[in-house]
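Report on the following structure.
The values are calculated or read from the model by the stated rules, or taken from the named source; none is laboratory data. All figures in this text were calculated on a predicted structure; none of them were measured in a lab. Glycine gets a Cβ as well: all are built from the backbone with ideal geometry, and neighbour counts include every protein chain shown.
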Amino acid sequence: MLVSANLGLVPRAKFTYMLIDVAIQGAKTSGALIPFQPPVRWAASPRAFLMTQRLAQQIADALSSPDQHRVERWERLRADIAHFVENGMITWSFMRWLDPKKYEHWELRSVRPRPSLRVFGRFAEPNVFVGTHAVERTSLGAKWSLQWEMEKLECEEAWKLALGDCEPFRSCKYEDYITENSSIVPRVPA
């Protein structure tokens, strides 16, 4: 437990959420984090996807490209992000943490059409993902390659620029990160 003159006794987890909430609001106000807005807003969004300026710029650049294939590819990425935000079913094949798990690097996998894209990021709290940047899968090489490790470090740097010394959310259970409509193993509803 933590003790604060203004807060009284506050459980450590709740205090951590309060700190990250303040950091998120500050980053949104300063423009360091940009909330993703689904193309069609017809329902409440139970999850949040916050983008760094870099990721937002990558998407904007791709969507304004004269290459129609590139535009369509990145539109599909936007649809995948909207799927996350709008409470679509999330499984390990769509979103997963990267090894070693202790560093809390995650990837959102937008696999179709080719080239496959990976959005690197971390969870700030349950249901709040901070996407730092996107990379074409073909440029990453095999697991544990130097390029994978460099992108993980890039993710950490972008996190730090946006949220300072705030730590990412940590848990051992997949469903703690995405609390509704998620499963590490795909399941057919009963």
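Annotations
Yes/no matrix, rows are residues, columns are (1) among the polar types (S, T, N, Q); (2) loosely packed, with under 14 Cβ neighbours inside 10 Å; (3) over 26 Å from LYS28 (Cβ atoms):
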| position | (1), (2), (3) |
| --- | --- |
| VAL128 | no, no, no |
| ALA134 | no, no, no |
| SER139 | yes, yes, yes |
| ALA142 | no, yes, yes |
| LEU163 | no, no, no |
| PHE169 | no, no, no |
| LYS173 | no, yes, yes |
| THR179 | yes, yes, no |
| SER183 | yes, yes, yes |
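- Residue match in the range 48-56 (condition: over 17 Å from VAL128 (Cβ atoms), at pLDDT 95 or above and of a type in the set (S, T, N, Q)): yes
- Residue within the range 57-79 that is modelled with pLDDT under 95 and not in a helix (DSSP H, G or I) present: no
- Looking only at the range 147-167, and only at residues there that are part of a helix (DSSP H, G or I) and of a type in the set (Asp, Glu), the one that is nearest to PRO100 (Cα to Cα): GLU149
- Top-ranked residue of the range 54-92 - restricted to ones that are among the polar types (S, T, N, Q) and touching a strand residue (DSSP E or B) at 6+ places or on another chain (Cβ under 7 Å), ranked as nearest to SER171 (Cα to Cα): THR91
- Leading residue by the ranking (farthest from the chain's Cα centre (by Cα)) among those in the range 111-126 that are of a type in the set (Lys, Arg) and loosely packed, with under 15 Cβ neighbours inside 10 Å: ARG114
- Residues of the range 168-185 satisfying the condition of being assigned to a loop (DSSP other than H, G, I, E, B) and within 14 Å of the chain's Cα centre (by Cα): PRO168, PHE169, ARG170, ILE178
- Filtered residues of the range 57-81 (kept if among the aliphatic types (A, V, I, L, M) and either at positive phi or surrounded by fewer than 18 Cβ atoms within 10 Å (Cβ to Cβ) (or both)): ALA60, LEU63, VAL71, ALA79
- Looking only at residues in the range 94-110 that are of a type outside the set (D, E, K, R) and either at pLDDT below 95 or not in a loop (DSSP other than H, G, I, E, B) (or both), the one that is surrounded by the fewest Cβ atoms within 10 Å (Cβ to Cβ) is PRO100.
- SER93 polar (S, T, N, Q) and touching a residue at least 12 places away in the same chain (Cβ under 8 Å): yes
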